Amino acid sequence: MKKFTYITQSFAVLLLLVLSSCASMPDPEPISDKYARPDEVIAAGVPVINADGKPIYTPSDGNFRYAGTVFANADGTLSAWFTTAGGTSDASLPARVRLDSGDGGGGPYSLGQSGTDAGAIYYPFDESFYGWAVECPGWSAPAYMTVSIYQWAGDYNSTIAETPLGTVDFAPYPDNTWLEINVTNSGYGDATGNAKFPAGEYLWYGQRLDVSGVSKNEPGFWGGGRGDKARVWYKGGEKTTGNEGFRHAVQYTSPAELGFSGQIKYNTASSSDINAEWTEQPDDPTVAPTSDKADKYYAKCGSVVKAGNYYYMAYQGSETFSEKTDNYIFVARAETKDAIDWEKWNGTDWGGDPAPLFSVDISEPELYFGAGEPSLVIKDGVIYLYYTYCTTEDGALNTYLMTADATDENWPANLSDKGLVMDRSAFATTAMDGASVVYAEELNSFVALHSVNNNEVNSYFAIWQSADGVSGWSHVGTIYSNTRVRAKYPRFIVNEEGHIQASTPHKILYQFGESQANWQTYMSSFSFAQ
């Protein structure tokens, strides 16, 4: 079970000043192997990123943008479709429901300033719930507590002898805080794909967390009436006198029920200049998940091309809460770039309930990535659909290809499977995103790029090329000069067929940063190496 730790600490930094000549200074230590990068490889046709880059978007209130298709329009403006936040902010959840009776209760109940004493609450939930919280004092000083949630095993001792469903370290927490263990912070959602804990009997267990060097660490529980459903234990003994108990409350609503974790919105820029002003579609999204349907939890990583009378977008979605598993590719279309609520492919036609573009062998649900991160290109009347595919646990996120006749308005029904085209197994042990593919007319070649080590300070971009887009894909370049650390989801500016032309602004956009809610969007110019 994944364990999330929230720790606020201060670190003293000692700066050693050596009062001697520069000649006596030791050589700098080499960067550790953990954070080393491979040598840059700049072969002919590899994009060389210039030093003119700057952030073009910094999110506020978690309103991130990433993985966008960016078109260069004939009038010099840019059009883009970015994945952005859906309706899953905890701030939008309704108030918790109090479970204690509120009458009496005694307390407050301290766990003291030493040892590992604990308090616990048993409660039988008649319906599924997202989170369970207890109000905890800290006696005017930061306190430390480990909170676990257990499925009830019949009695107290048998229950705490089992493996918890999830654990969170609140280290420290402010005085008088509701400590909530929920599907998200406990790791339960990632481990199971569930948006809630199912109805049933559970134990909330809070144990004093002893932290070396921390004085006056005194966690505890505020008193609240036990009521007729709860049972309460304090320092190993069950409280059965009067109405003694703890204040506790439940959050029945999951963030996923209020919306979804990602949707795709249309953006425009007044020019291709890095300093240009960007405007986001203000209200309805271009593509959002459909409630209780096959893409119900998110729509992300949209790739757009124009064929005939329509703009087509391939995007990633799922019925599973975790974005790391059970993914499928969907397609939507519209007659104009700025349209909202694009009509989705339903398996046989356009409109109605969305259906995955093709089946994925999800032999064990909530375990494998599936198919996602699509990339569309049109060349010589053929539509190329590249995508990441993996149905083995911890397997390589390789790139596969399907093609279709771009003049066929129902092309999703007539895809030709070309199988594996880009073997990325050499990067299998690193964090990377899907390959974004374009056609570079000045190179007469298909070009793909993706990030590697995108959660670390030694991130870089891998460059691939193929003459025909189907065979001969080879890793030809490695670049990171003039890029930010933790770079991810790089995209070229292209025309409406996914081509880089000599006249197309030679710009790369990507996101960087540690937390998705704070990812910045960065733009740099580039030139192809000769």
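The values are calculated or read from the model by the stated rules, or taken from the named source; none is laboratory data. The shown structure was predicted, so the numbers you read here are calculated from the model rather than taken from an experiment. Glycine gets a Cβ as well: all are built from the backbone with ideal geometry, and neighbour counts include every protein chain shown.
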Only one of (1) crowded, with 20+ Cβ neighbours inside 10 Å; (2) in contact (Cβ under 8 Å) with a residue 60 or more places away in the chain does not apply to Arg424, and that is (2)
Counting just the residues of region 200-213 that are modelled with pLDDT under 95 and of a type outside the set (Asp, Glu), which one comes out farthest from Val168 (Cα to Cα)? Gly213
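When the residues of region 298-329 are narrowed to those that are over 19 Å from the mean Cα position of the chain (by Cα) and in a strand (DSSP E or B), which ends up surrounded by the most Cβ atoms within 10 Å (Cβ to Cβ)?
From region 298-329, those over 19 Å from the mean Cα position of the chain (by Cα) are 304-313; that's our starting set.
Those left that are additionally in a strand (DSSP E or B): 304-307, 310-313.
Details: Val304: 29, Val305: 25, Lys306: 19, Ala307: 22, Tyr310: 17, Tyr311: 24, Tyr312: 24, Met313: 24.
Step by step, filter region 298-329, then rank; the result is Val304.
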What number of residues in region 379-417 are within 29 Å of the chain's Cα centre (by Cα) and within 25 Å of Leu443 (Cβ to Cβ)? 12
For region 397-415, which positions are loosely packed, with under 15 Cβ neighbours inside 10 Å and either in contact with a strand residue (DSSP E or B) (Cβ under 6 Å, 6 or more places away or on another chain) or β-branched (Val, Ile, Thr) (or both)? Thr407, Asn414
Is one or more of the residues making up region 488-498 touching a residue at least 12 places away in the same chain (Cβ under 8 Å) and over 19 Å from Thr69 (Cα atoms)? no
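Scan region 253-276 and give yes if some residue there is surrounded by fewer than 20 Cβ atoms within 10 Å (Cβ to Cβ) and within 30 Å of Gly220 (Cβ to Cβ), otherwise no. Spell out the reasoning first.
In the first step, residues of region 253-276 are kept if they are surrounded by fewer than 20 Cβ atoms within 10 Å (Cβ to Cβ); the result is 253, 257-259, 268, 270-276.
Next cut, within 30 Å of Gly220 (Cβ to Cβ) only: 253.
Yes.
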Where Asp338 falls short, out of the listed (1) more than 25 Å from Asn414 (Cβ to Cβ); (2) modelled with pLDDT of 90 or more; (3) touching a Lys or Arg at 6+ places or on another chain (Cβ under 7 Å): (3)
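Yes/no matrix, rows are residues, columns are (1) in a loop (DSSP other than H, G, I, E, B); (2) assigned by TED's automatic domain parsing to the domain that holds His499; (3) not polar (S, T, N, Q):
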residue: Asp52; (1), (2), (3): yes, yes, yes
residue: Ile56; (1), (2), (3): no, yes, yes
residue: Thr69; (1), (2), (3): no, yes, no
residue: Phe82; (1), (2), (3): no, yes, yes
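Is it the case, given these coordinates, that Ser158 is modelled with pLDDT under 95 and surrounded by fewer than 18 Cβ atoms within 10 Å (Cβ to Cβ)?
Numbers: modelled with pLDDT under 95: no; surrounded by fewer than 18 Cβ atoms within 10 Å (Cβ to Cβ): yes.
Judged against the criteria, Ser158 is not a match.
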Which listed residue is more than 31 Å from the chain's Cα centre (by Cα), in the same structural domain as Val214 (by TED's automatic domain parsing) and surrounded by fewer than 16 Cβ atoms within 10 Å (Cβ to Cβ), from Ser128, Ser110, Ser114: Ser114
Members of region 351-384 that are crowded, with 16+ Cβ neighbours inside 10 Å and in contact with a Lys or Arg (Cβ under 6 Å, 6 or more places away or on another chain): Pro354
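To keep it simple, each residue is scored yes or no on (1) touching a Pro at 6+ places or on another chain (Cβ under 7 Å); (2) assigned to a loop (DSSP other than H, G, I, E, B); (3) of a type in the set (Val, Ile, Thr); (4) in contact (Cβ under 8 Å) with a residue 24 or more places away in the chain.
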position	(1), (2), (3), (4)
Asn185	no, yes, no, yes
Gly213	no, yes, no, no
Trp233	no, no, no, yes
Gly242	no, yes, no, yes
Val250	no, no, yes, yes
Thr253	yes, yes, yes, yes
Taking region 266-289 only, how many residues are hydroxyl-bearing (Ser, Thr, Tyr), touching a residue at least 24 places away in the same chain (Cβ under 8 Å) and out of contact with any Gly (no Cβ under 8 Å at 6 or more places or on another chain)? 3
What are the pairs, 6+ residues apart or on separate chains, where a residue within region 505-517 that is assigned to a helix (DSSP H, G or I) has its Cβ under 9 Å from a residue that is among the acidic types (Asp, Glu)? Ala517/Asp61
Scanning region 428-468 for residues that are without any contact (Cβ under 8 Å) to a residue 40 or more places away in the chain, closer than 26 Å to Thr403 by Cβ and under 18 Å from the mean Cα position of the chain (by Cα) gives Met432
So Lys344, is it in a loop (DSSP other than H, G, I, E, B) and buried (at least 17 other Cβ atoms within 10 Å of the Cβ): no
What about Lys418, is it over 24 Å from Tyr310 (Cα atoms) and surrounded by fewer than 22 Cβ atoms within 10 Å (Cβ to Cβ)? yes
